[in-house]
Amino acid sequence: MTQNTPINAKQIPEYSAKSLYPEPFASMVKNRTRRKLGDYFGLTNFGVNFTSLAPGSISALKHHHSKQDEFIYIISGTPTLVYGDDKFLMSPGDCFGFKANSGIAHQLLNRSSTEVTYIEAGDRLPADSVEYPDDDLALVQKTDGTWSVLHKDGSSY
């Protein structure tokens, strides 16, 4: 859908498709919600999500992309950014960028008792792959844009 007038981000429906992660990983992100702002406006070169993390939830498994640059901007709450071996407590107004192919994995954790909201943006370069250094999981993008969900040895889930 292409929208021709401004809209409050909270009015854009939550993305309801299930996670690409197989179990037991899918359950780990069940308290994360996303509103796909970029898709709502018909953007194709990059994606923008308005994401919420309930207390105790995570943004994703610790990961890094081969092709996709990512960027986050904290709107509310105090998430913990895990970036490689480092941990940073973030606050509203803080931001961070993740360069593709850096080999440095990242994730956000909500260890607080209040909801965290943030904007995440990433490009949509084809043939991306995602590595998860702490988990037996790998995602590889096919030529049609869909994803293969694999074990680290290359076998399918």
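Any read-out appearing in this document is the output of simple, stated calculations on the displayed coordinates, not a laboratory observation. Quick caveat: nothing in here was measured; it's all calculated off a predicted structure. Neighbour counts are summed over all protein chains in view; Cβ atoms, including those assigned to glycine, are modelled from backbone coordinates with ideal geometry.
List of remarks:
- Site pair SER66 and VAL140 shows an inter-label distance of 0.8 nm when each label is modelled 7 Å from Cα along Cα→Cβ.
- Here r is the Cβ-Cβ distance between ARG111 and SER19 and R0 is 22 Å; the resulting FRET efficiency, rounded to 0.05, is 0.60.
- Karplus-derived 3J(HN,Hα), 6.51/-1.76/1.60, for each residue of segment 141-157, Hz, glycine and proline x: 7, 7, 5, 8, x, 7, 10, 8, 9, 10, 6, 4, 7, x, 7, 6, 7
- Every helix of 4 or more DSSP H residues in the chain counts as -39500 (n - 2.57), and over all residues that averages to -500 deg cm²/dmol at 222 nm.
- For segment 46-133, the set of GluC sites (Glu not before Pro) satisfying both a DSSP loop assignment and a count of at most 16 other C-beta atoms within 10 Å is given as GLU115.
- Global geometry of segment 18-127, whether rounded, prolate or oblate, following the gyration tensor of its Cα atoms and the 1.5 cut on a/c: rounded
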